[in-house]
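The values are calculated or read from the model by the stated rules, or taken from the named source; none is laboratory data. All values reported here derive from a predicted model rather than from experimental measurement. Ideal geometry is used to build each Cβ from the backbone, glycine not excepted, and the neighbour counts take in all protein chains shown. Calculation scope for accessible area: heavy atoms of the full protein, side chains included, ligands and nucleic acids excluded. Shrake-Rupley method; radii C 1.70, N 1.55, O 1.52, S 1.80 Å.
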Amino acid sequence: MDHSRVPVLEALEDFRRRGDVVFGPPGHRQGRGADPRVKEILGEGVFASDVLDMNGLDDRRLSQGVLSDAQELMADAVGADQAFFSTCGSSLSVKTGMLAVAGPGEKLLISRNSHKSVIAAVIINGVVPVWVHPKFDAERHLAHPPEPDDVRRTLQEHPDAKGMLLITPTSWGSCADIRGVARVCHEYGVPLIVDEAWGAHLPFHPELPAWGMDAEADMVITSVHKMGGAIEQSSVFHLKGDRISAEVLKQREDLLGTTSSSSLVYATLDGWRRQMVEQGEELLGTALARARRIREAVTATDGLSVMGEEIVRQGLAFEHDPLKLSIDVRELGITGMQAAEWLRTTCHVDIGSADTVRICPQITHGDDDRAEALLVDSLRRLVKEAGTLERPPRVSLPAPGDLELEQAMRPRDAFFGSVEHVPAARAVGRVAAETITPYPPGVPAVGPGEVITQEVVDYLTSGVKAGMLLPDAADQKLETFRVVA
């Protein structure tokens, strides 16, 4: 296929050239009605490029095939049979993907280290989750993806499950054995969905971990805005084989997706695909070299340690994405949250993810020499000035297994049932009716229908005192828990 073509961008350019006068949405009329004060900040191009797909980029019947052509090019670029653009982020895409495999009341294997959007999908879909617990790394206090044997054992226990959702890479860069998990799933006659939100870049450089479509997955969902070059909310479904019906996927997406899709998202997805096909290996090669230099600088800095290939050698993860720099700051006597806030306030460096233990800057093809130097210098400044930061309260970090809570009720039933609020001291043993998610990275510690334990109460309440954010908890101070009445 001709990957120099960008059908969405070409149609947008043609729209501008024609000078069409629109008498339908958007109401700002390609910027003519936008507040000049807004255009001064956002620029006129944002509004000028905000055009309807139907009767804008394409005609009423979509006969020009603008979007379908762009999606075919995307599928070809990444080795998928079909690709579908989504303008509501992977938070919606993962809900759609799960619905395409399992319906209300049906079982679906799910990695328990899932993003909160997956828990939301379970609540909305009415799916019965069968959690496949990740491998918990006590030394680093993080979860690595489950292994094929974990999946096999769970499928043996639940032969009526309709499929599996696997999360890889994790927010910290740990990667699963996708091919191994896929072969187990296929042995049992069920499809594998891979939530590869952090892996849009993986198809475009041989030194990066395996890409799901190359590793026998049936569906891969990516968030191109995370590690790629498209704007926020840019997501793509990729399909291969016939274990998941494209027709069913489209119908399920129609239930949840917007009818007012963004041309800005489509255009940036289209342009990013062309850029990666033409220049991806070179651009990502530069990013990988940059990440190696930063990793070496961090390793040489007392008080900081950066996670890398040792997790693969130790058998904790199958692969590791080197563009993720998970930096442990505990030797400095501070939390990752404190480090992130100090870097933002003092150095104007914004870190993608941070928790009680670490920070995780992510390197992409968009970083340059100035950004590299700024990050390294800022981390060195952090080490020198960490002693001036207030010592945080101790966080009661759970032991391996302590976050593997009993699923006593279907999440949907717990969430929508009769509820009450109880003080934290009386929450132990009760069934949660809410999702409680330390954010970032956004993996829930408690989900609806799970039995609350003393260990999880201690972890979350001590975490809040140390600066942990729990944006989805009914009581963000966690003085009370929302539980099933």
For this session: Scan the stretch 78-87 and give yes if some residue there is of a type in the set (S, T, N, Q), crowded, with 16+ Cβ neighbours inside 10 Å and at positive phi, otherwise no.
Result: no
Problem set entry | Options 222, 154: the member that is open to solvent by 10 Å² or more (accessible area, probe 1.4 Å), in contact with a strand residue (DSSP E or B) (Cβ under 7 Å, 6 or more places away or on another chain) and not in a loop (DSSP other than H, G, I, E, B) | 154
For this session: Please work out if residue 199 is open to solvent by less than 10 Å² (accessible area, probe 1.4 Å) and in contact with a Lys or Arg (Cβ under 9 Å, 6 or more places away or on another chain).
Result: yes
For this session: Can you give me the number of residues within the stretch 427-474 that are in contact with a strand residue (DSSP E or B) (Cβ under 7 Å, 6 or more places away or on another chain), open to solvent by 20 Å² or more (accessible area, probe 1.4 Å) and farther than 27 Å from residue 360 by Cβ?
Result: 5
Exercise. Quick one: how many residues across the stretch 332-373 are modelled with pLDDT of 95 or more, in a strand (DSSP E or B) and over 25 Å from residue 276 (Cβ atoms)?
Worked result: 2
Problem set entry | Selection within the stretch 236-262 - at pLDDT below 95 and within 22 Å of the chain's Cα centre (by Cα) | 237, 249, 250, 252, 253, 254, 255, 256, 257, 258, 261, 262
Exercise. (1) farther than 30 Å from residue 189 by Cα; (2) not in a loop (DSSP other than H, G, I, E, B): which one isn't true of residue 122, the others all being true?
Worked result: (1)
Exercise. Can you tell me which residue in the stretch 157-191 is farthest from residue 358 (Cα to Cα), limited to those that are touching a residue at least 40 places away in the same chain (Cβ under 8 Å) and open to solvent by 30 Å² or more (accessible area, probe 1.4 Å)?
Worked result: 160
Exercise. Between residues in the stretch 225-254 that are more than 18 Å from residue 203 (Cα to Cα) and residues that are of a type in the set (Phe, Trp, Tyr), which pairs lie under 9 Å by C-beta distance while being six or more apart or on different chains?
Worked result: 246/84; 249/84; 249/237; 250/84; 253/84; 253/237
Exercise. If only one of 59, 69, 50 is in contact with a His (Cβ under 9 Å, 6 or more places away or on another chain) and either modelled with pLDDT of 95 or more or not hydroxyl-bearing (Ser, Thr, Tyr) (or both), which one is it?
Worked result: 50
Seminar exercise, completed: Of (1) open to solvent by 20 Å² or more (accessible area, probe 1.4 Å); (2) in contact (Cβ under 8 Å) with a residue 60 or more places away in the chain; (3) within 22 Å of residue 198 (Cα to Cα), residue 421 fails just (3)
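Consider the stretch 15-39. How many of its residues are assigned to a loop (DSSP other than H, G, I, E, B) and open to solvent by 90 Å² or more (accessible area, probe 1.4 Å)?
3
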Problem set entry | Top-ranked residue in the stretch 122-141 [being open to solvent by 20 Å² or more (accessible area, probe 1.4 Å) and β-branched (Val, Ile, Thr); ranked as modelled with the lowest pLDDT] | 124
Problem set entry | Enumeration of residues in the stretch 202-219 that are in a loop (DSSP other than H, G, I, E, B) and open to solvent by 10 Å² or more (accessible area, probe 1.4 Å) | 205, 206, 207, 208, 210, 216
Seminar exercise, completed: Of the residues in the stretch 123-151, those that are among the aliphatic types (A, V, I, L, M), touching a strand residue (DSSP E or B) at 6+ places or on another chain (Cβ under 9 Å) and either free of Cβ contacts under 8 Å to residues at least 40 places away in the same chain or more than 23 Å from residue 353 (Cβ to Cβ) (or both) come to 127, 128, 130, 132, 151
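Looking only at the stretch 282-299, decide whether some residue is among the hydroxyl-bearing types (Ser, Thr, Tyr), within 29 Å of residue 374 (Cα to Cα), free of Cβ contacts under 8 Å to residues at least 60 places away in the same chain and surrounded by fewer than 21 Cβ atoms within 10 Å (Cβ to Cβ).
yes
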Exercise. Exactly one of (1) in a loop (DSSP other than H, G, I, E, B); (2) at pLDDT 95 or above; (3) open to solvent by 30 Å² or more (accessible area, probe 1.4 Å) is unmet by residue 385. Its number?
Worked result: (1)
For this session: For the stretch 50-65, indicate whether the set of residues that are in a helix (DSSP H, G or I) and crowded, with 18+ Cβ neighbours inside 10 Å is non-empty.
Result: no
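If I go through the stretch 40-49 residue by residue, how many of them are part of a loop (DSSP other than H, G, I, E, B), free of Cβ contacts under 8 Å to residues at least 40 places away in the same chain and closer than 20 Å to residue 24 by Cβ?
0
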Exercise. Which members of the stretch 66-86 meet the condition of being in a helix (DSSP H, G or I) and either more than 27 Å from the chain's Cα centre (by Cα) or of a type in the set (Gly, Ala, Ser) (or both)?
Worked result: 66, 68, 70, 75, 77
Seminar exercise, completed: Scanning the stretch 237-262 for residues that are buried (at least 16 other Cβ atoms within 10 Å of the Cβ) and either in contact with a Phe, Trp or Tyr (Cβ under 9 Å, 6 or more places away or on another chain) or in a loop (DSSP other than H, G, I, E, B) (or both) gives 237, 238, 239, 240, 243, 244, 249, 253, 257, 261, 262
Problem set entry | Any chance residue 118 is more than 19 Å from the chain's Cα centre (by Cα) and open to solvent by less than 10 Å² (accessible area, probe 1.4 Å) | no
